[in-house]
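Below is one structure, written out as structure tokens; comments come after it.
Throughout, read-outs are computed from the coordinates displayed, never taken from laboratory work. On a predicted model such as this, the values are computed, not experimentally measured, just so you know. Cβ placement follows ideal geometry from the backbone for every residue including glycine, while neighbour counts extend to all protein chains displayed.
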Amino acid sequence: MNRVVITGIGAISPLGKTAADLWDGLCAGRCGIDRIQAFDPSNFPCRIAGEIKDFNIRDYIPKSLRKNTKLMSRDIEISIAAAKEAFENAGIVTKASDNGEINLNPERTAIVFGAGLISCDLVELAPAVAAAITDGRFDMKKYGKDGLELVTPLWLLKYLPNMLPCHVGIIHDIQGPSNTITCAEAAGHLAISEARDIIARGDSDMALTGGAEAKVNPIVMIRQMLLKRTTSEYNDKPAEACRPFDAKASGSVFGEAAGLVVLENMEKAKGRSATIYAEIIGTGESNNINPQYEHLEKDGKAIQIAIEKALSEAGINPSDIDLIIPHGTGIAADDLAESKAIEAALGDAVKDIPVFPTKSMTSNTGAAAGAIDVIAAVCAMRDGKIPAAKNCDSIAQGCNLNIATEPIEKEIKHVLCCSYTYGGQTAAIILKKNDE
Amino acid sequence: MRNRVVITGLGLVCPMGHDAETVWSGMLTGKNGFNYTTIFDASTFPSQFCAEVKDYDLAKHVKNPGLHKDSNRGSGFVLGAAVEACRQAGIDIETDNPSDGIDRTRMGIYLGAGEGSVDNDVFFDAIVKGWDNEKNRMDWNKWADIAFGKMSSMREMEQEPNMPAAHIAMLTGARGPTRSCLTACAASTQAAGEATEIIRKGTADVMLAGGAHSMIHPLGVTGFCRLTALSTRNDSIETASRPFSASRDGFVIGEGGAVVVLESLEHAKKRGAKILCEVIGYGSSSDAFRVTDMHEEARGAIQALEAALKDAGITYADVDYISTHGTSTAENDSVETKAIKSVFKDKAKSTPASSIKSMLGHLIGAAGAAELITCVLAIRDNIAPPTMNLNDPDPALDLDYVPNDPRKTSVNIAVNESFGFGGQNNVVIVKRYEP
């Protein structure tokens, strides 16, 4: 098996349009959550979200492909921004680069993204529906005759989740294995795990992987509200709204982001003298068996199994872990279950390992979330720094985690990231700082 | 050394039946699954027909129907398929403490699965009430009133593409690696391929791999109609899906669920499971060409085929049967033929290559796994299933598509090809099991 390393990072998030903005924001305790701008949320119980501000896809796409922007949902657009940064950060020159000699081998590069269920833009669809009203009600017969033809011909292609890697692959000329993992909030980690295995077994030398999702859409948001996964108690205090593992947690806050990393066969990365941030040394996956599948099992068993498998593959002890970035959504019952699972998997060592949840600042960015956390982990190892957790002022009863309430400076060799989703899939990834 | 991977169970719920044997015998006797659409009123749509799963009652298939009461159509179908596949493989999903010797933390799930339909009545009603056509704007307050009043939390969540996998987990107790992918029409071939890799690596002993999808809903059919991807032969629906013929005008949209039980050879032998077939090769690629079109010279398809052959350690000359993607669209059938010609060279015209979409329709995310099951049965019975409705061959498409009648022929190695909108290409190769 080839060893697989991270050599590039790219992130666009509510904390800013680069990975540096993300990390600076996390270190400064900034919060990217605010009142929703994408639509008027006045009648929604949760009126806040993490949105990316002042974003224009034209800043990120080669001129020759600008016409493709008409075929892009926001999920696609933001993944293109993160992809550009990740390749530039890795020193990879692609077909889309302005200058330099291309050092991306199309056939030997894979692309594996986590993506969400992209909801259509209701405003775009509305004229077709409005043309199909009889006596004030929607009329399917009339729609088939008069409405359907008002839908733009390539409409469907904007909303297929695999269109994220499709567009990014066209821009950078990536012809190797391409996959789109659609396991909601666990998708980012699962995509990274799969991309890592593709390189490990030798099917590709490089991969662009991570996740992207733009959740600030009325349908996507309402779904989370109906499931009672959002908080509605902090609409006037958005910066305090998302409170992972805190006693006053009352739900999550959703948002949008794209996080992508460049993975490489370690030998190939060394061969081109790339900056190696970290090695992926262990991954684990499982799932919940839970009739209430919108939530975790109370004991978080499926997260425990994922962490144990990742530890076993990594061949390290729990006490070797220097930092845990948990999923930590701010949904009290799920945070408690995750906390119990981490405790069960790591045993006594858990008391001493700092835990840094990110969603209080980034918001819950769905399929991007796991990738955003991996990027935060890379930055923490690079700088030897763990920022202070935000909004965890008083840890919730039953959560026996060592939340990093103050910033910590120390050498960080191993980081554990974990995630889960409604529907039950779980994932854990262990990164090791490059020491060669 | 990577583990050898075998197939020990098959399950299929699709427009031609609710189990693999019924579907297979239907294919060999000229049946098809086409009907005028009944799921919603499509009588004024450009394409008014489809291939629906008919008379399916999930409660007859699963032990605890209440657990799955909110599931979308795709989830319901794949549950039935999983029950069938698990029974054949001897995986105990009936008792709470199974004694089948399978470690549930080493039994995973990998589905190529699509979205569930929106909740049509409330979805459209909320737009009607919220939209101001004069001002061209949505009043989100009005929209939210309807949506919050009428939407069901579970029906909304069940639209998420990871839900079929969640249901399979509840059904089977699987605790191993679980992923769901959605690479359009290539998804479940990719799922089977990546699940194979998970067993090869040794992370799991058993993977329930397959697909689940129904896009027979107003928005799905809208999307495909606007892409002009669907056949509009509303007057002759039984012969509308005609892959590789000169008069092909698009695919017939279908739905279904398909599951194969993949297992490491060692594990299957240890527990005495009956081995149906071996998975010997997997190849994946992307076109990186255009959002809307396949690469004209089939670059991506060729790369995936060659990668799979190399992975299997065989050459094109070893292949006895090709289950094509064969959608019955002008572009796919032409590009796919080019790919086969390029890869199979002197054997291209003599290797049987058929499309069961001529009978089943296009199950979208579930199509690849249904076709993989067909490959296993083709090997078992030494039969190549036919491409039906091939009466006016396209002069440019001159391969052996097994027109109109199944053919008795020696099949030891079969290739399953799937290509998705957006340019993902996936190929899985199966072989008659030899110890």
Sorted from fewest to most neighbouring beta carbons within 10 Å, what does the list B:Ser334, A:Ser360 look like?
-> B:Ser334, A:Ser360
Going by average Cβ neighbours within 10 Å, how do the peptides A:51-61, B:32-42 rank, with the highest at the top?
-> B:32-42, A:51-61
Hey, can you grab everything whose amide H is under 5 Å from the amide H of B:Phe251? Only 5+ residues off in sequence or another chain; H modelled, so Pro and N-termini drop out.
-> B:Leu230, B:Ser231
In chain A, what % of DSSP beta bridges are antiparallel (nearest 5)?
-> 70 percent
On the formula 1/(1 + (r/R0)^6), with r taken between the Cβ atoms of B:Lys349 and A:Gln292 and R0 of 41 Å, the FRET efficiency rounded to 0.05 is 0.15
Can you give the FRET efficiency for B:Glu134 and A:Asp59, using 1/(1 + (r/R0)^6), R0 = 35 Å, r = Cβ-Cβ distance, to the nearest 0.05?
-> 0.50
A:Thr152 neighbourhood, Cβ < 15 Å, K/R = +1, D/E = -1, net charge +1
What is the P(r) of the protein assembly as shown, as percent of Cα-Cα pairs per 20 Å bin from 0?
-> 17, 52, 29, 2
Angstrom value of the Kirkwood radius, inverse mean 1/r, which spans all Cα pairs in the stretch A:62-155 | 16.8 Å
Arranged from highest to lowest average of other beta-carbon atoms within 10 Å per residue, in what order do the peptides A:210-217, A:156-163 appear?
-> A:210-217, A:156-163
Please report how far the C-alpha centroid of the stretch A:169-226 lies from that of the stretch B:39-73, rounded to the nearest whole angstrom.
-> 29 Å
What percentages, rounded to whole numbers, describe P(r) for the stretch A:286-326 computed over all alpha carbon pairs with 5 Å bin width beginning at zero?
-> 5, 21, 24, 21, 14, 9, 5, 0
Where q = 0.14, 0.18, 0.19 Å⁻¹, what log10 of I(q)/I(0) comes from the Debye formula for the stretch A:114-228, counting one point per Cα?
-> -0.74, -0.97, -1.02
Gyration tensor (Cα only) of chain B to equivalent ellipsoid, semi-axes in Å sorted down, yields 33, 28, 19
The longest stretch of chain B containing none of the GluC sites (Glu not before Pro) that sit in a DSSP loop with at most 16 other Cβ atoms within 10 Å is B:135-295
At A:Ala333 and A:Ser394, where each label point lies 7 Å from the Cα along Cα→Cβ, what is the point-to-point distance in nanometres?
-> 2.3 nm
Would you kindly state how much longer the chain becomes between B:Asn382 and B:Lys150 on full extension, computed as 0.36 nm times their sequence separation minus their alpha carbon distance, in nm to one decimal?
-> 78.2 nm
So what are the ³J(HN,Hα) numbers for the stretch A:367-377, from phi and the Karplus equation (6.51, -1.76, 1.60; θ = phi - 60°), rounded to whole Hz, Gly and Pro as x?
-> 5, 7, 4, x, 6, 4, 5, 5, 5, 4, 5
Return the sequence-ordered ³J(HN,Hα) values of the stretch A:131-137 in whole Hz as given by the Karplus equation 6.51 cos²θ - 1.76 cosθ + 1.60 applied to θ = phi - 60°, using x for Gly and Pro.
-> 7, 10, 10, 10, 6, x, 10
Hits in the stretch B:244-275: amide N under 11 Å from the 7 Å Cα→Cβ extension of B:Asn97, namely none
Can you work out ³J(HN,Hα) from phi for every residue in the stretch A:394-399, in order, using Karplus 6.51 cos²θ - 1.76 cosθ + 1.60 and θ = phi - 60°, giving whole Hz and x for Gly and Pro?
-> 8, 5, 4, 4, x, 8
Protection proxy ranking of B:399-407, B:183-191, B:166-174 - average other beta-carbon atoms within 10 Å, highest first | B:183-191, B:166-174, B:399-407
Starting from the Cα of B:Lys341, step 7 Å along the direction of its Cβ; do the same at B:Glu238; then give the gap between the two resulting points in nm.
-> 3.4 nm
Shielding score for B:287-296, defined as the mean number of other chain Cβ atoms within 10 Å | 5
Lys, Arg +1 and Asp, Glu -1 on Cβ, resulting dipole of chain A about Cα centre, debye, nearest 20 = 840 debye
For chain A (alpha-carbon point model, no solvent) the Debye-based log₁₀ I(q)/I(0) at q = 0.07, 0.08, 0.11, 0.13 Å⁻¹ works out to -0.32, -0.41, -0.78, -1.08
The stretch A:271-346 and the stretch B:248-314: distance between their alpha carbon centers, rounded to Å | 31 Å
Say each of B:Met1 and A:Ala38 gets a label point 7 Å from the Cα, pointing the same way as Cα to Cβ; how far apart are those two points in nm?
-> 5.2 nm
